[in-house]
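The values are calculated or read from the model by the stated rules, or taken from the named source; none is laboratory data. Note that the coordinates shown come from a computational prediction; the quantities given were computed from them, not determined experimentally. Note: ideal-geometry Cβ built from the backbone for every residue, glycine included; neighbour counts use all protein chains shown.
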Ligand SMILES: NC(=O)c1ccc[n+]([C@@H]2O[C@H](COP(=O)([O-])OP(=O)(O)OC[C@H]3O[C@@H](n4cnc5c(N)ncnc54)[C@H](OP(=O)(O)O)[C@@H]3O)[C@@H](O)[C@H]2O)c1
């Protein structure tokens, strides 16, 4: 038996403790698979006194994760602290500078600093692995980087945030409001106390930027992602969507268009028959289109202690077995820089919900604005009527340029008979 692979784990929260538990439970299996044991030698977190439900007495404790990354008796530093900067970044940089491999679950870190960290890993001749950073247990990093490497990927989209998918699914199943379902999700532990990164789309954007880099061989460009969240989606929109043959999902979509690299995160209406429409609850899924493989979709658990630890340990096993791939599939020097396509130039059909007072002439005014912006309507639905209250009117359009749609919505919002700014949801092509 060869020497053990020594691990230092920074961060002992949900994923850190989950990883320790998996390593302990699967010890025999992992030793067999790696041909050598995996041994945790050191750990670090903020509060040494906290009871984490696992025995840490055999490990060297460090108050400072960066110090551990540089000095612990370890071959691999496993960064499970989180956050794009601060201690997570410091510890990762310290580990790479000390010639240690790094395994991380930190999408924010990779989305914002991935290219520089990959360069540092290359210089040090070590691995920087991050399978757990995108879609938890789903081996999507390997799929994009290795499994599909014989293909030109033209487009990918995914449900990358379980919290949002849970909220949208529960709203649809129960007819309850966004706020109500969010509050329940927080009580059940499916949503953070501060849920803004999830529900405002930032978490999905981090993951999308990483996937786009792998799919298109480009430098990670988080700043190029157009980001919208799901706060404005109502239970009524979800009902209208179903009536029109769609389901609303928070999607991250990346494709290379004539305008450049388009990366966008926003609620989208997907056709009910599309496989991604039936990915429900906390599940994640990523669908890609490529020239030889065609359409592929991977679905599974995107978060939680077990699924995330599964991905973390998969990366550790690769290191133990000396399976090495450049961080983003090719060396950093060969990653391209693709200009980002402005969102205003996006073209597609749209769903628009107006809240209008039922006054004579209001439809004529709306129709005139759409005509002036060269938007052609596909359907109009108005069910309710009220002499006193604003009622919903739903429009769908044919293919329209985003800049025209937003110009029209700005003008419609100014009409006296329109109660609030219209809700716009992009419809995805099948
Ligand atoms: N939770 C998931 O389902 C999931 C899924 C995929 C990816 N991830 C990613 O995995 C990472 C960890 O997430 P998590 O949910 O496990 O977070 P968490 O439960 O909040 O745990 C974070 C851990 O980091 C420690 N920590 C915080 N600041 C520190 C510092 N300055 N120095 C040393 N340790 C510090 C905390 O210490 P104390 O315990 O002492 O406070 C805690 O143990 C994040 O990057 C997250 O995005 C999480």
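Observations on the model:
- Search result, residues across segment 61-76 that are near the ligand (Cβ under 9 Å from one of its atoms) and crowded, with 20+ Cβ neighbours inside 10 Å: 62, 65, 66, 68
- Answer residue from segment 16-28, given it is farther than 13 Å from residue 316 by Cβ and surrounded by fewer than 19 Cβ atoms within 10 Å (Cβ to Cβ) and is farthest from the ligand (Cβ to nearest atom) among those: 28
- Selection of helices (runs of 4 or more DSSP H) fully inside segment 129-211 by the criterion of at least 2 residues being within 12 Å of the ligand (Cβ to nearest atom) returns 162-174, 196-199.
- In the set (1) more than 30 Å from the chain's Cα centre (by Cα); (2) surrounded by 15 or more Cβ atoms within 10 Å (Cβ to Cβ); (3) without any contact (Cβ under 8 Å) to a residue 24 or more places away in the chain, the condition left unmet by residue 32 is number (2).
- Of the numbered criteria (1) within 16 Å of the ligand (Cβ to nearest atom); (2) buried (at least 22 other Cβ atoms within 10 Å of the Cβ); (3) in the same structural domain as residue 252 (by TED's automatic domain parsing), the one residue 117 fails is (3).
- Single match in 192, 228, 243 (criterion: touching a strand residue (DSSP E or B) at 6+ places or on another chain (Cβ under 9 Å) and modelled with pLDDT under 95): 243
- Scanning segment 77-93 for residues that are surrounded by fewer than 23 Cβ atoms within 10 Å (Cβ to Cβ) and within 12 Å of the ligand (Cβ to nearest atom) yields 82, 83, 84, 85, 86, 87, 89, 90.
- Of all residues in segment 267-276 being more than 10 Å from residue 428 (Cβ to Cβ) and touching a residue at least 60 places away in the same chain (Cβ under 8 Å), the one that is surrounded by the fewest Cβ atoms within 10 Å (Cβ to Cβ): 273
- Of the residues making up segment 102-114, those that are out of contact with any helix residue (DSSP H, G or I) (no Cβ under 6 Å at 6 or more places or on another chain) and within 18 Å of residue 336 (Cα to Cα) are 113, 114.
- Flag for residue 328 being assigned to a helix (DSSP H, G or I) and either outside the structural domain of residue 150 (by TED's automatic domain parsing) or buried (at least 19 other Cβ atoms within 10 Å of the Cβ) (or both): no
- Residue list for segment 47-63, filter: over 14 Å from residue 98 (Cβ atoms) and touching a strand residue (DSSP E or B) at 6+ places or on another chain (Cβ under 9 Å): 48, 56, 58, 59, 60, 61, 63
- Among the candidates 349, 331, 307, 342, residue that is out of contact with any strand residue (DSSP E or B) (no Cβ under 9 Å at 6 or more places or on another chain) and either within 16 Å of the ligand (Cβ to nearest atom) or in contact (Cβ under 8 Å) with a residue 24 or more places away in the chain (or both): 331
- Of all the listed residues (287, 259), the sole one being modelled with pLDDT under 95 and either surrounded by 19 or more Cβ atoms within 10 Å (Cβ to Cβ) or more than 15 Å from the chain's Cα centre (by Cα) (or both) is 259.
- Residue in segment 44-60 that is surrounded by the most Cβ atoms within 10 Å (Cβ to Cβ), counting only those that are within 6 Å of the ligand (Cβ to nearest atom) and within 19 Å of residue 23 (Cβ to Cβ): 44
- The listed residue being surrounded by fewer than 17 Cβ atoms within 10 Å (Cβ to Cβ) and assigned by TED's automatic domain parsing to the domain that holds residue 239, out of 306, 294: 294
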